[in-house]
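Below is one structure; the comments refer to it alone.
Values quoted throughout were computed directly from the atomic coordinates according to the rules given, and no laboratory measurement underlies them. For clarity, every value in this text was computed on a predicted model and none was experimentally measured. In this analysis, Cβ positions are derived from the backbone assuming ideal geometry, glycine residues included, and neighbour counts consider all displayed protein chains.
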Amino acid sequence: MNISIRILHVDDDPDFRDLTAELLEREDDRFTITTVDSPQAGRERIDSADFDCIVSDFDMPNESGIEFLESIRSEHPDLPFILFTGKGSEKVASDAISAGVTDYLQKAIGSEQYKLLANRIATAVDKYRTALELERQNDLFEKAESIGSVGAWEYDIVSETSYMSDEMLRIHGLDTDETLTIRESIEYFNPEDRESLREAIDAAIEDGQSYDLELRMRDAHGTEHWVRTRGEPQSEDGNIVRLRGILQDITEQKLRERRLERQNSRLEEFAHVVSHDIRNPLQVASGKLELARQSGDPDAFDQVADAHNRIDTIIQNVLSLARHGQAVDAAEPLQVREPAEESWEMVDTGDLTLRFDDEIELTADHGRLRQLLENLFRNTVEHGEGAETVRIGEIQPLYTATRTSADATNGFYVADDGDGIPTDIHDKVFDSGFTTVTEHTGFGLAIVSQIAEAHGWDVTVTDSYSGGARFEFTEQPAVDSG
């Protein structure tokens, strides 16, 4: 492409400036020459316009060409700068090179010097533009890597050297000035996945087989990720000489898949409620209504009303499940005490006492956390036979030989001192519709589970220290363990 080359020519001799501009533009029709009579004027023009090259004299009043060059380099370290001077010496050339001159050319008599100068300018500008384009492409590549969480890598089989892009290092939790080999990278993967990755890399090297795997890894900070790792062997003269590939963080994708699976599971639960739990009271209502019509018995009408009330309760619980199971968008740091006390006031707790073992701060949706606690308090009232106290406290991390600080998770518990929940139904209490009391709908703890999941918490039930029920809420790991 015939792209214009914009040149700033600085020389205190007006006749030489005009002659140089005329002859350079004659040598190359891409050249557009702007002339000024001093370095100060040159700096002012550079501040107001873009140039591809500066051509400057050396010996000028008040400021030399090298001093001008040094001032330019502070703002434009790579802009082509050609010293075109009639005063040549080894010292001038040495000083110019030290200051970062692109080229150095002595003035001479005859038109050949302008042809040589034109060639030097064109060559310098081509290199400059090529470097800018490469820098731009590298910048776009780095931005694309960062946006897509995709790192690139290369393993040279012959020299046994590895190259890792900056994003590749960041996915591993490393600084961009650190080093990492392909074999060292394997150690960041989940122990259960390492062998399959080693086998895939070996098959790529030995048999030329590409691979595309989704695996689990833990970065240098202990954060777990799901990643997609791909490797492509490359051959020269029939021999596999290198592997190239990418590593992409797909944790968010996996979390979305997990949420979708759970949403589908909830839909199945809702379908069961509609087809089974609501059908039963509807059949009762229909039968009792027929009896009421035949006998006119007021009790039969009351039973119809009771069945309708139960249907309404089930519908409200299904709607609550759907609403509270949605992802939390309005989470904020808060103290658990405030929503807990608000929830306590909403439940007829009788002689029960609420105690706080710790002051707990966490990030949650205030309204949904209050609903979670309200359901737990109501569960104690309805099922916690003999309970006198409900306690809320913090779960402290436990450190063992197999659990490090990176593995530890904090959370909170809600516990009572009642009769507790039988061990054989611990895994069932969060199922929609499960209840040990016939007149209850069995949705209270299912809603607790949905609210916890929406916050990214795991909820489990166990025995409290006093033998009652203890519900524990801990942060879900970023990566599924299965």
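The alpha-carbon of residue 288 sits under 14 angstrom from the alpha-carbons of these aspartates and glutamates, leaving out residues fewer than 8 places away in its chain: 297, 299, 302, 306.
Residue by residue, segment 244-254 carries 3J(HN,Hα) couplings of 10, x, 9, 10, 10, 6, 10, 4, 4, 4, 5 Hz when phi is fed to the Karplus relation 6.51 cos²θ - 1.76 cosθ + 1.60 (θ = phi - 60°); x denotes Gly or Pro. Under the simplified labelling scheme, the residue 223-residue 458 pair shows an inter-label distance of 2.0 nm, with each label point 7 Å from Cα along Cα→Cβ. Taking θ as phi - 60° and the Karplus parameters 6.51, -1.76 and 1.60, the scalar couplings of segment 456-465 work out to x, 10, 8, 10, 9, 10, 8, 8, 6, 4 Hz in sequence order, x denoting glycine and proline.
In straight-distance terms, cross-link reach from residue 428 covers every one of the aspartates and glutamates whose alpha-carbon lies under 13 Å from its own, apart from those fewer than eight places away in the same chain; here that gives an empty set. Between residue 119 and residue 293, the distance separating the two model label sites (each 7 Å from Cα on the Cα→Cβ line) works out to 10.9 nm. Within straight-line reach of residue 87, meaning a Cα separation under 28 Å, sit the following lysines at least 8 residues removed in sequence or on another chain: 107, 115, 127. Measuring r between the beta carbons of residue 45 and residue 136 and using R0 = 35 Å, the FRET efficiency lands at 0.90. The amide H of residue 360, built 1.01 Å from its N in the peptide plane, has 336, 337 as neighbours under 5 Å, considering only residues 5 or more places off or on other chains.
With r as the distance between the Cβ atoms of residue 258 and residue 382 and R0 = 22 Å, compute the FRET efficiency 1/(1 + (r/R0)^6) and round to 0.05. Could the numbers behind the result be given before it?
Working: r = 32 Å, r/R0 = 1.44.
That pair, residue 382 with residue 258, gives E of 0.10.
For 84, 356, which order do you get if you count the other beta carbons within 10 Å of each Cβ and list the fewest first?
Working: 84 25, 356 15.
The order, fewest Cβ neighbours first, is 356, 84.
Judged by the mean number of other Cβ atoms found within 10 Å, the most tightly packed of the peptides 385-394, 229-238 leads the ranking 385-394, 229-238. Packing, as the average of other Cβ atoms within 10 Å across residues, places the peptides 239-247, 129-137 in the order 239-247, 129-137, highest first. Fully extending the segment from residue 209 to residue 338 would add 40.5 nm, taking 0.36 nm per residue of separation and subtracting the current Cα-Cα distance. With 0.36 nm allotted per residue and the present C-alpha distance subtracted, the residue 6-residue 175 stretch has 56.8 nm of extension available.
Legend: calculated FRET efficiency, residue 202 to residue 419, from the Cβ-Cβ distance at R0 = 56 Å, rounded to 0.05, equals 0.45. The ranking of 376, 116, 215 from fewest to most other beta carbons within 10 Å of each one's beta carbon is 116, 215, 376. For 82, 205, the sequence from fewest to most other C-beta atoms within 10 Å is 205, 82.
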